[in-house]
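Take a look at the structure set out below.
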Amino acid sequence: MTDAVIVRYALTGGPFGTTDGRAAVYALQERLTAALAGLDVGDLDGNEFGGDEVSVYLYGPDADRLYDAVEPVLRSLPARPARATLRYGEAGDPEAVRYEIDLDTGRVEPPPARPKPGKRRKIVAAEGDVFRIPIDDVRSVYGQVVAKHDSSTLVVVFDALSLDAVDGADVLLLANTFDDCLVDGEWPIVGHRLVRADVPWPVYKFWGSIRPPEIVDHFGRVLREATPEEARTLRSRSQSTANTVTDAAKAAFGVGEWRDAYDKFLPDERATVARVIGTT
């Protein structure tokens with residue numbers, strides 16, 4: 001288990017936090033252990049208090065899958081600011097790639113770039129590019145880049161197992177992801193089309209530091225304040241790794257098990273810019 005996810009939360013009330021604050025961290029660890037049970041993606045290794053913050057350590061064979069398995073739990077601890085560091089490789093390896101994710105905004109610093117042997121040419125994907133995701137030794141499902149902003153890429157995956165079927169296919173999955181699989185060529189770009197008018201542009205709730213929460217789009221741009229009902233029902237915005245999107249696409253076609261964590265990729269017509277804001 002060489003990869004790591006290390007999460008740092010700010011503490012108040014002294015360098016080691018308050019009694020209630022420490023109890024909340026211990027409760028978080030119990031939820032993390034429960035979330036990881038039976039997944040075979042990694043383990044919780046403990047915490048370290050001091051310097052007005054607490055660090056929570058998790059280790060596993062793949063930092064991407066480990067982070068996606070625990071991300072909702074990590075966000076549930078209200079202590080802020082909070083940042084997750086994903087490390088690919090051993091702690092003492094100077095070649096190990098690291099990047100940080102702000103648990104509130106989903107912003108990544110720097111953009112993720114995990115090196116893979118034999119894949120050195122960087123591929124720059126553009127809005128409208130159509131790509132394929134291999135789901136087994138024979139079949140591939142097709143998707144499209146529909147929007148890009150900084151290190152975030154909004155993609156749709158069509159209910160299509162051939163390139164010819166893309167134009168008339170329903171949107172099966174929608175994900176705000178990193179572009180690492182596109183950069184590395186794991187999702188080969190196979191064509192380019194205009195972005196379809198029927199993309200269900202999503203909206204999310206974002207708590208931040210104000211009450212009531214705000215409604216944001218897929219790139220975190222604030223659209224307006226949320227109503228109490230919207231704060232209760234809308235999903236929180238998050239950025240998922242491309243590996244998790246691949247796993248969800250495979251599961252959608254019967255290759256692997258569909259997990260509850262993949263539900264966030266299902267388009268929700270009740271939570272779109274057109275439905276909630278009234279514009280596109």
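The values are calculated or read from the model by the stated rules, or taken from the named source; none is laboratory data. This is a predicted model, so every value here is computed, not measured. FYI the Cβ positions are ideal-geometry reconstructions off the backbone, even for glycines, and counts take in every protein chain you see. Ligands, DNA and RNA are excluded from the accessible area calculation, which covers all protein heavy atoms including side chains. Shrake-Rupley method; radii C 1.70, N 1.55, O 1.52, S 1.80 Å.
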query = Tell me, what ³J(HN,Hα) does each residue in segment 92-97 have, in order and in whole Hz, if you take phi through Karplus 6.51 cos²θ - 1.76 cosθ + 1.60 with θ = phi - 60° and put x for Gly and Pro?
reply = x, 7, x, 8, 5, 7
query = Taking R0 as 45 Å, what's the FRET efficiency between ALA34 and ARG193 from their Cβ-Cβ distance, rounded to 0.05?
reply = 0.55
key: Two-site FRET efficiency, PHE253 against LEU163, from Cβ-Cβ distance with R₀ of 22 Å, rounded to 0.05   = 0.90
ask   = So how tilted is helix 19-36 from the main axis of the chain? Cα-based, degrees 0 to 90, rounded to 10.
value = 40
message = Could you compute the net charge surrounding ASP164? Neighbours are other residues with a C-beta less than 13 Å from the C-beta of ASP164; K and R count +1, D and E count -1.
response = +1
key: Karplus-derived 3J(HN,Hα), 6.51/-1.76/1.60, for each residue of segment 52-63, Hz, glycine and proline x   = 6, 7, 10, 10, 10, 10, 10, 10, x, x, 9, 4
remark   = In the chain, taking the dipole from +1 charges on Lys and Arg beta carbons and -1 charges on Asp and Glu beta carbons about the Cα centre, the listed residue (GLY220, GLY254, ILE101) farthest towards the positive end is GLY220
key: Residues in segment 1-37 that a label on GLU90 would reach, taking backbone N under 16 Å of a point 7 Å out along Cα→Cβ   = 1-4
request  = Any aspartates and glutamates with Cα under 12 Å of the LYS205 Cα? List them, leaving off those in the same chain fewer than 8 positions away.
outcome  = ASP104, GLU214, ASP217, GLU225, GLU229, GLU230
message = Can you find, among GLY42, PHE178, ALA147, the residue sitting farthest towards the positive end of the charge dipole of the chain, where Lys and Arg contribute +1 and Asp and Glu -1 at Cβ?
response = ALA147
key: Total charge dipole magnitude, segment 136-280, about the Cα centre, Cβ charges on Lys, Arg, Asp, Glu only, Debye to nearest 20   = 620
ask   = Under a 5 Å amide H to amide H cut-off, with H placed in plane at 1.01 Å, what residues pair with VAL141 once short-range neighbours are removed?
value = ILE133, ILE135
request  = Let me know the charge dipole size of the chain about its Cα centre in debye, to the nearest 20, where only the beta-carbon of Lys, Arg (+1) and Asp, Glu (-1) is charged.
outcome  = 580
key: Alpha carbon centroid spacing (whole Å) that separates segment 171-222 from segment 1-53   = 29
ask   = Given a 1.4 Å probe, how much area per residue of the chain is accessible, in Å²?
value = 49
